[in-house]
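Peer 1: Below you will find the structure I want to go over with you.
The values are calculated or read from the model by the stated rules, or taken from the named source; none is laboratory data. Because the structure is a prediction, the values reported are computed rather than measured. All Cβ positions, glycine included, derive from the backbone under ideal geometry; neighbour counts span all protein chains shown.
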């Protein structure tokens, strides 16, 4: 089960069911099982995003997405996505907010599955999975710069 929380105080750019569906697609793409496990996705404002990033990443600014591991059995983890940062990034990258938000949800869900991007080879592996999942959702490769997505 995917729980979506809106802590932004503003309207989301898409329904909760879309956000939950993007996460479920990332889980379906893995060898891990989704049934019986929960995931919480909280959309946060800049202030909450900054507080979380200071506390858990020691960075004094909001970030687009943070992933917090769960117990790996009943609760796969939590994602905190700063909607204001996502909107700003989407504008700067000439993407729709909806598609960029989908990318961040998939990116965060993959982190909870053990994917990372600390090295170049890890980043290539993670980006490849992101692109596969997003294409299954009908969303173009977010790393292509020659088209608006």
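Peer 1: For segment 4-82, give me every one of the strands (runs of 3 or more DSSP E) that falls completely inside it and has 1 or more residues that are surrounded by 20 or more Cβ atoms within 10 Å (Cβ to Cβ) and modelled with pLDDT under 95.
Peer 2: 38-44, 75-82
Here's the yes/no breakdown for (1) surrounded by fewer than 13 Cβ atoms within 10 Å (Cβ to Cβ); (2) touching a strand residue (DSSP E or B) at 6+ places or on another chain (Cβ under 9 Å); (3) at negative phi; (4) assigned to a loop (DSSP other than H, G, I, E, B):
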{"position": "100", "(1), (2), (3), (4)": "no, no, yes, no"}
{"position": "104", "(1), (2), (3), (4)": "no, yes, yes, no"}
{"position": "115", "(1), (2), (3), (4)": "no, no, yes, yes"}
{"position": "123", "(1), (2), (3), (4)": "no, no, yes, no"}
{"position": "127", "(1), (2), (3), (4)": "no, no, yes, no"}
{"position": "138", "(1), (2), (3), (4)": "yes, no, no, yes"}
{"position": "142", "(1), (2), (3), (4)": "no, no, yes, yes"}
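Peer 1: Which of the following residues is out of contact with any helix residue (DSSP H, G or I) (no Cβ under 9 Å at 6 or more places or on another chain) and in contact (Cβ under 8 Å) with a residue 12 or more places away in the chain: 48, 136, 89, 122? Working first, answer last.
Peer 2: Working: 136 fails: out of contact with any helix residue (DSSP H, G or I) (no Cβ under 9 Å at 6 or more places or on another chain); 89 fails: out of contact with any helix residue (DSSP H, G or I) (no Cβ under 9 Å at 6 or more places or on another chain); 122 fails: in contact (Cβ under 8 Å) with a residue 12 or more places away in the chain.
The unique qualifying residue is 48.
Peer 1: Among the residues of segment 68-86, how many are under 18 Å from residue 24 (Cβ atoms), more than 13 Å from the chain's Cα centre (by Cα) and touching a residue at least 40 places away in the same chain (Cβ under 8 Å)?
Peer 2: Residues meeting the conditions: 2.
Peer 1: Still on this structure, I have one more. What about residue 16, is it under 14 Å from the mean Cα position of the chain (by Cα) and closer than 17 Å to residue 130 by Cα? Break it down into steps so the answer makes sense when it comes.
Peer 2: Values: under 14 Å from the mean Cα position of the chain (by Cα): yes; closer than 17 Å to residue 130 by Cα: no.
The answer is no for residue 16.
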